[in-house]
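Participant: Please see the structure below; I have some questions.
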Amino acid sequence: MANGKKTAIIILGPTASGKTDVAIQIAMRLGTEIISADSRQCYREMAIGTAKPSPEELSMVRHHFIDEFPVSQNLTAADFQRLADGYLKEIFSTRETAIICGGTGLYLKALCDGLDEMPEVNAEVKSSLEAEYKALGMAWLQARVAEEDPEFWASGEVQNPSRMLRALSFKRSSGTSIIAFRTNSSRAHEFDIVKYGLLVPREALYARINTRVDRMIAGGLFEEAAGLYHLRHLKNLQTVGYTEIFDYLDGKTDKTRAIELIKQHTRHYAKRQMTWFGRDKDITWLDTTTVALAETILKRIPTL
């Protein structure tokens with residue numbers, strides 16, 4: 001490296017934007033490894049519904065934070081920060097670059113900037129909300145968050161009940177959205193960080209999402225979810241692609257409607273991802289219609 005530092009190259013963007021393919025191409029060119037920044041791909045039991053890299057892709061480049069934990073283990077952004085620090089230390093011990101690939105904005109923020117200090121929430125408020133959620137379900141929780149904390153609803157993880165419960169508990173305890181406590185402070189690193197976002201035109205992205213969901217269904221998503229049905233109470237399984245199928249298995253909807261909802265909720269998730277990433281001025285956005293995207297990124301990294 002020209003400046004004597006290592007470089008972490010972050011490939012980010014909304015779901016179905018093609019991050020995995022680009023990251024693998026770059027990692028192979030640089031002879032390095034990939035750290036996944038996806039909050040669900042780390043769980044072994046969730047394969048099809050989380051769009052993990054295929055076995056063939058995983059064999060091409062070593063990946064970290066994929067298939068490393070049981071679905072019963074709840075990992076946080078702080079856990080990811082600690083683990084990613086370790087992965088990077090290991091990679092940089094023998095290589096000049098490392099690739100970080102994913103779309104979980106809070107995990108990427110934790111790694112790059114650290115986590116914000118938050119006031120404690122009222123324990124009674126938290127307990128009451130958890131009881132209401134258990135009795136009234138996901139739709140009720142989403143409606144409460146949308147009405148009481150529209151800032152979080154616009155950019156937060158609103159398919160993740162634990163995140164929503166935390167946000168709503170915080171809002172009811174403090175009167176302030178948890179979003180207001182997110183800062184732009186940065187952690188000190190002994191390596192450089194460059195961020196590249198994959199920008200897909202909305203209609204094209206939605207078409208990609210619909211196609212990928214169809215592939216997941218054909219690949220056995222309903223069967224995978226059915227095998228996890230007995231664990232449906234776990235927070236990690238309150239995730240797009242699983243909750244809709246659990247509702248189908250409970251007789252709350254039919255199969256066609258469940259598939260439609262997976263596509264719809266995934267599109268909504270992609271929109272929230274872009275809202276989150278849109279606040280980060282350090283991201284260089286690249287048009288995915290450009291040929292040789294990996295080459296474009298490699299040419300833009302000044303230390304290579």
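The values are calculated or read from the model by the stated rules, or taken from the named source; none is laboratory data. This is a predicted model, so every value here is computed, not measured. Ideal geometry is used to build each Cβ from the backbone, glycine not excepted, and the neighbour counts take in all protein chains shown. Side chains are part of the model used for accessible areas, which takes the heavy atoms of the whole protein and leaves out ligands, DNA and RNA. Shrake-Rupley method; radii C 1.70, N 1.55, O 1.52, S 1.80 Å.
Participant: Measure of size requested: the Rg and Dmax of region 78-132, with Cα atoms as the atom set and Å as the unit; please supply both.
Facilitator: 16.6, 51
Participant: In region 218-278, with Lys and Arg counted as +1 and Asp and Glu as -1 at Cβ, which of these residues, Gly278, Phe246, Thr256, has the Cα nearest the positive end of the dipole, that is, farthest along it?
Facilitator: Gly278
Participant: I would also like to ask the following. Compute, for the chain, the length of the dipole vector about the Cα centre, with Cβ point charges of +1 (Lys, Arg) and -1 (Asp, Glu) only. Units Debye, rounded to 20.
Facilitator: Values: 39 positive and 39 negative charges, 88 e Å.
Charge dipole of the chain: 420 debye, to the nearest 20.
Participant: While we're on this one: Tell me which trypsin sites (Lys or Arg not before Pro) from region 116-197 have a DSSP coil assignment and no more than 16 other beta carbons within 10 Å of their own. Present the calculation step by step, with values, prior to reporting the outcome.
Facilitator: Details: sites: Lys126, Lys134, Arg144, Arg163, Arg166, Lys171, Arg172, Arg182, Arg187, Lys195; in loops: Arg182, Arg187.
When the trypsin sites (Lys or Arg not before Pro) of region 116-197 are filtered for loop state and at most 16 Cβ neighbours within 10 Å, Arg187 remain.
Participant: Which of the listed residues, Tyr107, Gly137, Thr289, is farthest toward the dipole's positive end in the chain, when Lys, Arg count +1 and Asp, Glu count -1 at the beta-carbon?
Facilitator: Farthest towards the positive pole: Thr289.
Participant: What's the magnitude of the charge dipole for region 186-304 around its Cα centre, counting Lys and Arg as +1 and Asp and Glu as -1 at the beta-carbon? Answer in Debye, nearest 20. If you can, show how the numbers build up before the last one.
Facilitator: Numbers: 19 positive and 15 negative charges, 65 e Å.
So the magnitude is around 320 debye.
Participant: Quick check: the angle from helix 19-30's long axis to the longest principal axis of the chain, C-alpha only, nearest 10 degrees?
Facilitator: With both axes taken from Cα atoms, the answer is about 20 degrees.
Participant: Can I ask one more? Enumerate by residue number the trypsin sites (Lys or Arg not before Pro) in region 229-259 meeting two conditions: DSSP loop (anything except H, G, I, E, B), and at most 15 other Cβ atoms within 10 Å of the site's Cβ. Provide the component values of the computation, followed by the final result.
Facilitator: Numbers: sites: Arg232, Lys235, Lys252, Lys255, Arg257; in loops: Arg232, Lys252.
Sparse-neighbourhood loop trypsin sites (Lys or Arg not before Pro): Lys252.
Participant: Under 5 Å between amide H atoms, partner at least 5 residues away or on a different chain: which partners does Arg187 have, H built in plane at 1.01 Å?
Facilitator: Excluding prolines and chain starts, which carry no amide H, the hits are Asp113, Gly114.
Participant: Volume per residue, Å³, of the convex hull around the alpha-carbon atoms of region 235-304?
Facilitator: Working: hull volume 10.6 nm³, N = 70.
Dividing the Cα hull volume of region 235-304 by its residues yields 151 Å³.
Participant: Compute the semi-axes of the equivalent ellipsoid of region 19-98, taking the square root of 5 times each eigenvalue of the Cα gyration tensor, and list them largest first in whole Å.
Facilitator: On the way: eigenvalues 87, 56, 15 Å².
One finds semi-axes of 21, 17, 9 Å for region 19-98.
Participant: So what's region 157-304 giving for Cα Rg divided by 2.2 N^0.38 Å, two decimals?
Facilitator: Working: Rg = 19.3 Å, N = 148, 2.2 N^0.38 = 14.7 Å.
My calculation over the Cα atoms of region 157-304 gives 1.31.
Participant: Still on this structure, please answer the following. Could you list, bin by bin from short to long, the percent of Cα-Cα pairs of region 125-233 in 5 Å steps?
Facilitator: For region 125-233, the pair-distance distribution reads 2, 9, 13, 13, 13, 16, 16, 13, 6, 0.
Participant: What number of lysine-lysine pairs in region 213-304 show an alpha-carbon separation below 18 angstrom, given a sequence spacing of 8 or more or placement on distinct chains? Write out the running numbers ahead of the final one.
Facilitator: Details: Lys252/Lys263; Lys255/Lys263; Lys263/Lys271; Lys271/Lys281.
Going through region 213-304 pair by pair, I get 4.
Participant: Take the chain, mark every one of the GluC sites (Glu not before Pro) that falls in a DSSP loop and has at most 14 other Cβ within 10 Å, then report the longest stretch left between them, sites excluded. Let's see the in-between values first.
Facilitator: Values: sites that count: Glu117, Glu120, Glu190.
Counting at most 14 other Cβ atoms within 10 Å as exposed, the longest clean stretch of the chain is 1-116.
Participant: Could you tell me how many cubic angstrom of Cα convex hull volume the chain has per residue? Don't skip to the answer; put the middle values down first.
Facilitator: On the way: hull volume 40.1 nm³, N = 304.
That works out to 132 Å³ per residue.
Participant: Moving on to the next point. Let's see if you can work this out: charge +1 on each Lys and Arg Cβ, -1 on each Asp and Glu Cβ, no other charges. What is the dipole magnitude of region 1-53 about its Cα centre, in debye to the nearest 20? Write out the running numbers ahead of the final one.
Facilitator: Numbers: 7 positive and 4 negative charges, 30 e Å.
Taking the Cα centre of region 1-53 as origin, the dipole is about 140 debye.
Participant: Below 8 Å, C-alpha to C-alpha, sequence gap of six or more: please give me the relative contact order for the chain in percent. Before the final figure, lay out the partial values.
Facilitator: Values: 417 pairs, mean separation 83.4, N = 304.
Reported as a whole number, the value is 27 percent.
Participant: Please list, ordered by chain and number, the residues whose modelled amide H lies under 5 Å from the amide H of Asp192; skip anything fewer than 5 residues away on the same chain.
Facilitator: Those lying under 5 Å, H to H, from Asp192 are Lys6, Thr7, Ala8.
Participant: Using heavy-atom solvent-accessible surface (probe 1.4 Å) with all chains present, what is the largest-first order of Ser173, Ser93, Ser36? Before the final figure, lay out each step's value.
Facilitator: Numbers: Ser173 50, Ser93 85, Ser36 5 Å².
Ranking Ser173, Ser93, Ser36 by accessible area, largest first, yields Ser93, Ser173, Ser36.
Participant: Using only C-alpha positions, report the orientation-averaged shadow area of the convex hull of region 216-275, nm², one decimal. Mind dumping the intermediate values first?
Facilitator: On the way: hull surface 17.2 nm².
That works out to 4.3 nm², a quarter of the Cα hull's surface.
Participant: Please give the helix 138-148 orientation as an angle from the longest Cα principal axis of the chain, in degrees from 0 to 90, rounded to the nearest 10.
Facilitator: 80 degrees
Participant: Taking loop as defined by DSSP and a crowding limit of 10 other beta carbons within 10 Å, which chymotrypsin sites (Phe, Trp or Tyr not before Pro) in region 86-176 fit? List each step's numbers first, then the result.
Facilitator: Working: sites: Tyr87, Phe92, Tyr107, Tyr133, Trp140, Phe152, Trp153, Phe170; in loops: none.
Taking region 86-176 and a limit of 10 other Cβ atoms within 10 Å, no loop chymotrypsin sites (Phe, Trp or Tyr not before Pro) are found.
Participant: So what are region 36-178's ellipsoid semi-axes, whole angstrom, largest first, if each one is the square root of 5 times an eigenvalue of the alpha-carbon gyration tensor?
Facilitator: 32, 18, 12
Participant: Turning to a different aspect of this structure: What whole-number distance in Å separates the alpha-carbon centres of region 204-258 and region 77-140?
Facilitator: Comparing the Cα centres of region 204-258 and region 77-140, I get a distance of 24 Å.
Participant: Per residue of the chain, what 222 nm ellipticity follows from adding -39500 (n - 2.57) for every DSSP H run with n ≥ 4, rounded to the nearest 500? Spell out each step's value before the answer.
Facilitator: Numbers: 13 runs with 150 residues, N = 304.
It lands at -15000 deg cm²/dmol.
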